[in-house]
Every structure is written in structure tokens, then in C-alpha cells.
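Visitor: Have a look at the structure that comes next, please.
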Amino acid sequence: MRAPALVGILMGSDSDWPKIRKAREALEEFGVPSEAHVMSAHRTPRAVAEYASGAADRGIRVLIAAAGGSAHLAGVVAAHTTLPVIGIPVPTDELGGLDSLLSTVQMPGDVPVVSVAVGMGGPRNAGLFAVQILALSDTALAERLRAFKESLAKKIASKDAAFQRMLGGAEDGAKPA
């Protein structure tokens, strides 16, 4: 039996999934169960409101909302819940995602939505930010997150050592003259 979802992922269109699936992959990396649904702030507003308002009662602890263009999904979700909402502005062909970013970050006072980057690491960061939120009340998850951060530092130190060898510099952290 699958564990109940702790994170709900909503996207405005199924075509957004390839652009945002790294959010779920990040959650899976840490063993955080999630669910994903297609709902539109403009085409299915009642379904979005019902989903968001009932999420906490179903055990959801964090919501991620991804949308492109007139990206109001995260804001509509936030209007119907007290759970933290992470917005993923999905890149668009028309404006490269600037429209999505502005729609996601320009929330009025009293309706908070945190936004991640358009494209690049944004979707992965949304998943990792959800993990960080959940780790506040889960010591085992917090430990996995700490180990992950430590592994990132080791990975970069290793890359720097290799880079220094390529440059003919020292590996002990000394900077070449």
C-alpha cells in the first residue's frame, strides 16, 4: 500500500508535466510521497478550490502549483488553503516564461506564494523546498536533507580539485597566482 501523499502537485495542463516533473523526482529522492493532478485556475476553478480547501484534511502538508502564461494557479490555490504554496512558473513559447513568473510572484498582500525560477532548476527546487518545509517536523527527513547538502559540498570540492589539476594549480585549496 502506498503511503498517503504529503505534497500535492497541481499543473494547469498535462503538457506542463515534462517541464515540471523534476519537482516530483526530488520528492521521490527523499522518499516523500506526493500526488499530481491537472487542474486549471481558469477552466476548472471550482475543482481547484475544492482540492486546495480539502488538502490539509487529506494529509497534504505542502502544495506545489505549476502554470504557464497567465499563471494564476498558485494564487488561486493559496486563496483556498492555509498550507504553504510553492509556485512553479512554467516557461512559455510566447514570452519565455516571463509572463508566468510575473503572474506567480505578483501576489497581493495576505496571499503568500513562494516562487521558484522559470525553467532551469525551478521545478527541482520546488520539490526540494517542499522537503525542507517537511523536514522542520521530521527529524529523519531533516537528517537526509543534511546529508544531501553535505554531498553537494563534497561534489563541488571534487570538481574544483579536478579543475585545479586541469589548470595545473594546487589541489590543497591554494589559489594559483
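Visitor: Hey, with R₀ at 30 Å, roughly what FRET efficiency would Leu95 and Ala142 work out to, going by the Cβ-Cβ distance, to 0.05?
Guide: In this case the efficiency is close to 0.20.
Visitor: Moving on. Under a GNM of the chain (C-alpha, springs under 10 Å), which listed residue has the highest mean-square fluctuation: Arg61, Arg24, Arg46?
Guide: Highest fluctuation among the options: Arg46.
Visitor: Right, another one. With springs connecting C-alpha atoms under 10 Å apart, model the chain as a Gaussian network and identify which of Glu25, Glu35, Glu94 has the largest mean-square fluctuation.
Guide: Taking springs between Cα atoms under 10 Å, the residue moving most is Glu94.
Visitor: Could you work out which residue, out of Ile86, Ile20, Ile133, moves most in a Gaussian network model of the chain, that is, has the largest mean-square fluctuation with Cα springs under 10 Å?
Guide: Maximum fluctuation in the GNM of the chain, among the listed residues, is at Ile133.
Visitor: A further question on this structure: Sequence neighbours fewer than 8 away in the same chain don't count; with that in mind, list the aspartates and glutamates whose C-alpha is under 15 Å from Lys155.
Guide: Cα-Cα hits under 15 Å: Glu171.
Visitor: Something else: Given the DSSP H assignment, sum -39500 (n - 2.57) over each helix run of at least 4 residues in the chain and divide by its residue total; what's the result at 222 nm in deg cm²/dmol, nearest 500?
Guide: -14500 deg cm²/dmol
Visitor: On to the next question. Could you give each residue of the stretch 119-131 its phi-based ³J(HN,Hα) in whole Hz, using Karplus coefficients 6.51, -1.76, 1.60 with θ = phi - 60°, and x for Gly or Pro?
Guide: Karplus values, whole Hz, x for Gly and Pro: x, 6, x, x, x, 4, 5, 4, x, 5, 5, 4, 4.
Visitor: Modelled label-to-label distance, Lys154 and Leu102, 7 Å Cα→beta-carbon offset: nm?
Guide: Rounded to a tenth, the inter-label distance reads 4.5 nm.
All of the numbers you see were taken from the coordinates with simple rules; none came from a lab. None of these values were measured; they are calculated from a predicted model. For neighbour counting, all protein chains shown are included, and Cβ atoms are generated from backbone atoms with ideal geometry for every residue, glycine included.
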